[in-house]
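What follows is a set of notes on a single structure, which appears directly below.
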Amino acid sequence: MSRSWLQEIVATWRAVLGDAGVLLMLIIAPLIYSFFYPWPYSSEQLQRVPVALVDQDHSALSRQIQRFVQASPRLELRLLTADEGAARAALAAGEIRGYALLPAGLKREAGLGRGQVVPVLADGAYFLPNKIVLQGFAEVLGTVSAGIELRQLQAGGQSPLQAQASRNPLNVELAALYNPHEGYGSAVVPAVAVLIIQQLLLIGVAMWVGQRFECPAPAERLSLWSARLTALASLGGLSAAWFYALIFPFFGYAHGGNPAGSALALGLLVWASCAAGMALGALLADRERAMALRLATSLPMAFRAGFSWPREALPVPLWWLGEALPAVTGIQALLRLNQMDAPLQAVQPQLLALALQALGYSLLAAWAIRHRQRHPAPKEWSICPTTTAAPAPQGPAASRP
């Protein structure tokens, strides 16, 4: 007697819990990834980058710059020297990430009101340390330069308040929206989490479905497969809820901007990913091939998603290929909904694309299942046991009725 739709959902849950490999992908891996990936970025900002200061002026001004460098939270003064060659050698050896050159005559030129260039050289091979080195020295030199200019204005007869107003007639106040810490983790982890959810669902569902088609089996109604898709999607929903309801608040990432819209986008993302995994598993009819395919496609998907490289800078064919991936569209929608508190109207194109992906991959999964049922996988693909006829009984027992 065939099982009902609800019974098939329960049976699918039990099958997943009893399959160590699928259980690892759908339940355990999200727990591991949720802490393993964000943890290195928990400090959010890079600080105390090792630098050198090449002092060829040996004046009170250069010593003041040295004190400001030592006080900067961005920089750590590892080397103080008058030899630029020593600083270059330390930079090449990786002992420092950059240095500033204070040329001879710096104080004299500054006292005469002449502009003086202070070269700052940084290791451009590593963009984050390079940014911190340049920004840190810019803040130090800007602060020292402001002090010199204020003293010159006061020497001309202005009061301290007048000198400050003359130097800064327009004040700029910078406020970082949606990423108040301006941290790397807050910018990257919420986007990568969507890719993790999709990839784990894709591989876990493909493994589970692929194993069912490794050996010839009687055809089953599509209604049962829809129940299995629902069961697998519910497990994916738990994974998504784990990231968005617990992990993001735990690490202090921006979250909760539009909970209803985020839940809708996550539901469509999970359904599309599970349907794509079901279609992939039926087409491959092999448990291990899905894992190999995931390893080969994860990095290209990450580059098409738009958080490590602008999507607008991609070639047009790659841009359109990204539109067929649930994670790429989901990242664009969920960053706006969850981090930026965007209304649903602002992400209508992305939600429509996710809905079309869910429908399209569901239809593809139905076709792939029917195709595989009519055309079982070649024997060389599978490890199905071969059955042989039992030997005929011999001796007196063979003549017994």
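With all projection directions averaged, the alpha carbon convex hull of the range 33-89 covers 5.1 nm². Eigen-decomposition of the gyration tensor built on the alpha-carbon atoms of the range 207-258 gives equivalent ellipsoid semi-axes of 36, 12, 6 angstrom, largest listed first. Just to confirm the number: angle between the C-alpha axis of helix 60-71 and the first principal axis of the chain, 0 to 90 degrees, nearest 10? Roughly 20 degrees between the two axes. Looking at the P(r) of the range 1-149, how many percent of alpha-carbon pairs lie beyond 25 Å? So the pairs more than 25 Å apart make up 49 percent of the total in the range 1-149. Taking label positions 7 Å along the Cα-Cβ direction at both R63 and D83, the computed distance is 2.4 nm, reported to one decimal.
Working from label points 7 Å from Cα in the Cα-to-Cβ sense, the A346 to W309 distance is 2.8 nm. Projected over every direction and averaged, the convex hull enclosing the alpha-carbon atoms of the range 171-328 yields 11.7 nm².
On the chain, 63 percent of the accessible area sits on carbon and sulfur atoms, based on a 1.4 Å probe.
With the highest mean first, a sort of the peptides 131-138, 178-185 on other beta-carbon atoms found within 10 angstrom per residue produces 131-138, 178-185.
In the context of the full set of protein chains, the chain has a per residue accessible area of 54 Å² (1.4 Å probe).
Other residues lying with their Cβ under 14 Å from the Cβ of L293 contribute a combined charge of +1, Lys and Arg counting +1, Asp and Glu -1. For S62, what is the net charge nearby, where nearby means another residue's Cβ is under 11 Å from its Cβ and Lys, Arg count +1, Asp, Glu -1? In short, +1. Computed packing ranks the peptides 248-260, 195-207, 82-94 as 195-207, 248-260, 82-94, most packed first, by mean other Cβ atoms within 10 Å.
Between L299 and I32, the simple label model (points 7 Å from Cα in the Cβ direction) yields a spacing of 2.0 nm. The mean of 1/r over all distinct Cα pairs in the range 267-344, once inverted, gives the Kirkwood hydrodynamic radius of 13.9 Å.
The Kirkwood hydrodynamic radius of the chain, based on inverse pair distances between different Cα atoms, is 26.0 Å.
The values are calculated or read from the model by the stated rules, or taken from the named source; none is laboratory data. Computed from a predicted model, the values in this text were never measured in an experiment. Don't worry about glycine lacking a Cβ; one is built from the backbone with ideal geometry, like all the others, and counts go over all protein chains shown. Side chains included, ligands, DNA and RNA excluded: accessible areas come from the protein's heavy atoms. Shrake-Rupley method; radii C 1.70, N 1.55, O 1.52, S 1.80 Å.
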